[in-house]
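Report on one structure; see the data block that follows.
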Amino acid sequence: MHSSIKAKHLFDIPKITDGRGDLSFLQYPTHVPFMISRAYFLYNVPENTARGFHAHRELQQAMIAVSGSFDVILDDGRNREKVTLNRPDQCLLIGKRFWREMENFAPGSVCLVLASCSYDESDYIRDYDEFLRIVGGE
Ligand code: T46
């Protein structure tokens, strides 16, 4: 497992706490190194169901477990690392050309993703061998 993947990309989101509860926020460029073009969220993921299994050519993303917990496996073509997201005040930045798999969603989990670009299927690398060829050439 590659220790620098986690150290580089996982960080605490600011949290403002008062008697009314907590408020967390992310903004460009202070916390996220890209302008946010799109947000989407994964929820109602059945138990024992995995998602992802792809990389992106250019897309960068910020991922937050706003509720519940799940594991993200990141793979740079040489090393793999599993990151558990289980706090709404923690963010995982995923740069371009990282293979990702998400698994072990606890019931009721919500995965919020902030993305640098609009949805574009041609940006996906869904074949692992093609991914290895692309990152192997860097
Ligand atoms: C990623 C991980 C973390 C859209 O039409 N618009 C969108 O913005 C998105 C994200 C998806 N879709 C469509 C494409 C598929 O027909 O929704 C369907 C499910 O997408 P996918 O199978 O890619 O879902 P995941 O959970 O495997 O991957 C998603 C993101 O697609 C991907 O960028 O990094 O979450």
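In debye, nearest 20: dipole of the range 3-138 around its Cα centre with unit charges on the Cβ of K, R (+) and D, E (-)? Let's see the in-between values first.
Working: 16 positive and 19 negative charges, 50 e Å.
Dipole about the Cα centre, nearest 20: 240 debye.
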**Fill in**
Residues whose modelled amide H sits under 5 Å from the amide H of PHE53, counting only those 5 or more places away in sequence or on another chain, are ARG100, GLU101, MET102
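Which net charge results for the neighbourhood of VAL45, defined as the other residues with beta-carbon distances under 14 angstrom from its beta-carbon, given Lys and Arg at +1 and Asp and Glu at -1? Intermediate results must be reported in sequence, preceding the final value.
Working: positive: ARG51; negative: GLU47, ASP71, GLU101, GLU103.
For residues surrounding VAL45, the net value is -3.
Identify the trypsin sites (Lys or Arg not before Pro) of the range 89-138 meeting these criteria: DSSP loop state and at most 12 other C-beta atoms within 10 Å of the C-beta. Kindly include the intermediate steps, with their values, before the conclusion.
Numbers: sites: LYS96, ARG97, ARG100, ARG126, ARG133; in loops: LYS96, ARG97, ARG126.
Passing both the DSSP loop test and the Cβ count: ARG126.
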**Prompt:** Can you tell me the Rg and Dmax of the range 49-95, counting just the alpha carbons, in angstroms?
**Reply:** 11.2, 31
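For a quick check of your reading of the filter: which trypsin sites (Lys or Arg not before Pro) in the range 31-88 sit in a DSSP loop and have no more than 14 other Cβ atoms within 10 Å? Spell out each step's value before the answer.
On the way: sites: ARG38, ARG51, ARG57, ARG78, ARG80, LYS82; in loops: ARG57, ARG78.
Qualifying residues, ordered by number: ARG57, ARG78.
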**Item:** Packing-based exposure ordering (other Cβ within 10 Å, fewest first) of SER67, SER109
**Value:** SER67, SER109
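Can you give me the orientation-averaged projected area of the convex hull built on the Cα atoms of the range 1-106, in nm²?
On the way: hull surface 29.7 nm².
Mean projected area of the Cα convex hull: 7.4 nm².
Every number in this text was worked out from the coordinates using simple rules, so none of it is lab data. Worth saying up front: this structure is predicted, and the values here are computed from it rather than measured. Glycine also receives a Cβ, built like all others from the backbone with ideal geometry; neighbour counts cover every protein chain displayed.
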